[in-house]
Amino acid sequence: MDEEWFEWRQRKLVFTSRVFFMVRVGIDFDMSHRRSVALLVETSNAYSRGLLEGVIAYNKQHANWSMFIAEQERGADPPGWLRHWSGDGIIARIETDNIAKAIKKIGLPVVDLSAARHVTEIPWADTDDQAIASLAVEHFIERGFKHLAYCGDPAFRWSDSRCERFSEIVNRKGLKLYTYQAISRYDPKFTLDREKRRIENWLRDLPRPVAIMGCYDYKAQQVLDVCRELDFAVPEEIAVLGVDNDRLQCEFASPPLSSIIPDTRRTGFEAAELLDRMMSGETVSTQPLITKPLGIETRESTDVLAIEDREVAVALKYIREHANQNIRVADVLRVTPMSRRVLEIRFKKVIKRTPHQEIQRVRINRIEQLLRETDLTIHEIAELCGYVHAEYLAAVYKRETGRTPSQFRQQTSVVSRS
């Protein structure tokens, strides 16, 4: 025991003398300190994962932090480990009062990645809600919609902000506006079934055609689910646009969901840079670092012109859902009360294409999607798209686009990058 104490004492004296020497010669003692940063950001959605990618990119390029992150659900109560965590800084999504209180108690440099603003004195970084709303409105106007709607979630303040921006722009342009606010998921009365019935009643009362912006992809997907149950034609009668471009959620939706693409990587990168400055003792502004969105990933849910002709909308819905089954115009006539001549006249008036041209367009789009997003062979794609022979598919594709399927795949394939 005495030998252990003596050895500990000697180590302490050596360490103390080294620290004293470093102070005397002016060596920065903190140079050897590797900063610890906690990331209180959920990993359950693409938006937050994009933020984390930005933080990682900054750390690789400019810092050498020891970062700690645990599984975190959106809006969940603060984790138990946060009470005892003693590091150098925190990057957090402060979306509830409980998380805000826990963060304030710690007293460390913090950057907030939420527009909820539960703690106004904390610097924050977020996406530009004004630009997001503007993109949505212009996207709908380009497609001829005059009735625009917003589907929000009051559980999140950023949803209210987007609704305000969206409403301002729609009213300024003299278009018809309709809004819906969900039951907050934190409301004791909330159930998925009840929320579904409320959305159903709202959709029944909307004029058609109408274009709806969901506050984020999850809410937009709920709208699509209800449209499918009510047999509303999407996008011919109701076009739906989400926000966040969560690829899995958008592609699982039926039809696939168009979505606004936020530049989350840049937002996360700038937040990390801001925290680094704070941990170095710099006083920073609490003015927001606002990042504009990158654009819109257009998928089937808004890939349309606004159509007031109900019968043409029904025919277009049938084509979209069955084009890959090698259908003909005669098949389309079976679901509409029109003669072939009347069908062709009304198609040309509404979408400037014949029914046959629309069938070909939908099939070509499906071919290009499979070429771009899968490594299926041309033979396998031909089978999925209703062509008996791959050679015939290749001939049709080149006639319609001016290039071969292989050329398109070489230029656009994302398989190797996914």
Q: Rank L371, T120, Y318 by how far each Cα sits towards the positive end of the charge dipole of the chain (+1 on Lys, Arg Cβ; -1 on Asp, Glu Cβ) and give me just the farthest.
A: Y318
Q. How much net charge surrounds F140 when only the other residues with a Cβ under 12 Å from the Cβ of F140 are counted, with Lys and Arg +1 and Asp and Glu -1?
A. +2
Q) Net charge near G386, counting Lys/Arg +1 and Asp/Glu -1 over other residues with Cβ under 10 Å of its Cβ? A) +1
Q) Nearest 20 debye, what's the magnitude of the dipole of the chain about its Cα centre given +1 on Lys and Arg Cβ and -1 on Asp and Glu Cβ? A) 1220 debye
Q) Cross-link partners among lysines for K146, C-alpha distance below 19 Å, same-chain residues fewer than 8 apart left out? A) K173, K176, K349
Q.
Are there any chymotrypsin sites (Phe, Trp or Tyr not before Pro) in the stretch 160-235 that are in a DSSP loop and have at most 11 other Cβ atoms within 10 Å? List them by number.
A. Y186
Q.
Charges on Cβ only, +1 for Lys and Arg, -1 for Asp and Glu, centred on the Cα centroid of the chain; of S86, V342, L135, which one is farthest towards the dipole's positive end?
A. V342
Q | Under 17 Å from K196, Cα to Cα: aspartates and glutamates that are on another chain or at least 8 residues apart | A | D153, D187, D205, D217, D225, E229, D231
Q.
Run the helix sum for the chain: -39,500 (n - 2.57) per DSSP H stretch of 4+ residues, divided by residue count, reported at 222 nm to the nearest 500 deg cm²/dmol.
A. -15500 deg cm²/dmol
Q: For the chain, set up a Gaussian network in which alpha carbons nearer than 10 Å are linked by springs, and say which option among G295, G281, G50 fluctuates the most.
A: G281
Q) For the chain, what Kirkwood radius comes out of the mean inverse Cα-Cα distance, in Å? A) 24.9 Å
Q) Which lysines have a Cα lying under 29 Å from the Cα of K60, excluding residues fewer than 8 positions away in the same chain? A) K104, K292
Q. What GluC sites (Glu not before Pro) does the stretch 26-128 have in DSSP loop regions with at most 12 other beta carbons within 10 Å?
A. E71, E73, E121
Q. Looking at the square roots a ≥ b ≥ c of the eigenvalues of the Cα gyration tensor of the stretch 49-89, which shape do they give, rounded for a/c under 1.5, prolate if a/b is larger than b/c, or oblate?
A. oblate
Q: Once you've got the GNM for the chain with C-alpha springs shorter than 10 Å, pick whichever of N59, N245, N365 has the biggest mean-square fluctuation.
A: N365
Q. For the stretch 142-197, with only Lys/Arg (+1) and Asp/Glu (-1) charged at the beta-carbon, what is the dipole magnitude about the Cα centre, in debye rounded to 20?
A. 200 debye
Q: Give the residue from L52, S66, M213 lying farthest towards the positive end of the charge dipole for the chain; charges sit on Cβ (+1 for Lys and Arg, -1 for Asp and Glu) and the dipole is referred to the Cα centre.
A: M213
Q | the stretch 304-333: trypsin sites (Lys or Arg not before Pro) in DSSP coil with no more than 15 other Cβ atoms inside 10 Å | A | R328
Q) Say we join alpha carbon atoms closer than 10 Å with springs in a Gaussian network model of the chain; which of Q130, Q407, Q222 then has the biggest fluctuation? A) Q407
**Q.** Percentage relative contact order, the chain, counting C-alpha pairs under 8 Å, at least six apart
**A.** 14 percent
Q) What net charge is computed for the residues neighbouring V332, neighbours being all others with C-beta under 10 Å from the C-beta of V332, Lys and Arg scored +1, Asp and Glu -1? A) +1
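Values in this text are rule-based calculations from the coordinates and carry no lab data. Being a predicted model, the structure only gives us computed values, none of them experimental. Cβ sites come from the backbone with ideal geometry, for glycine too, and all protein chains shown count toward neighbours.
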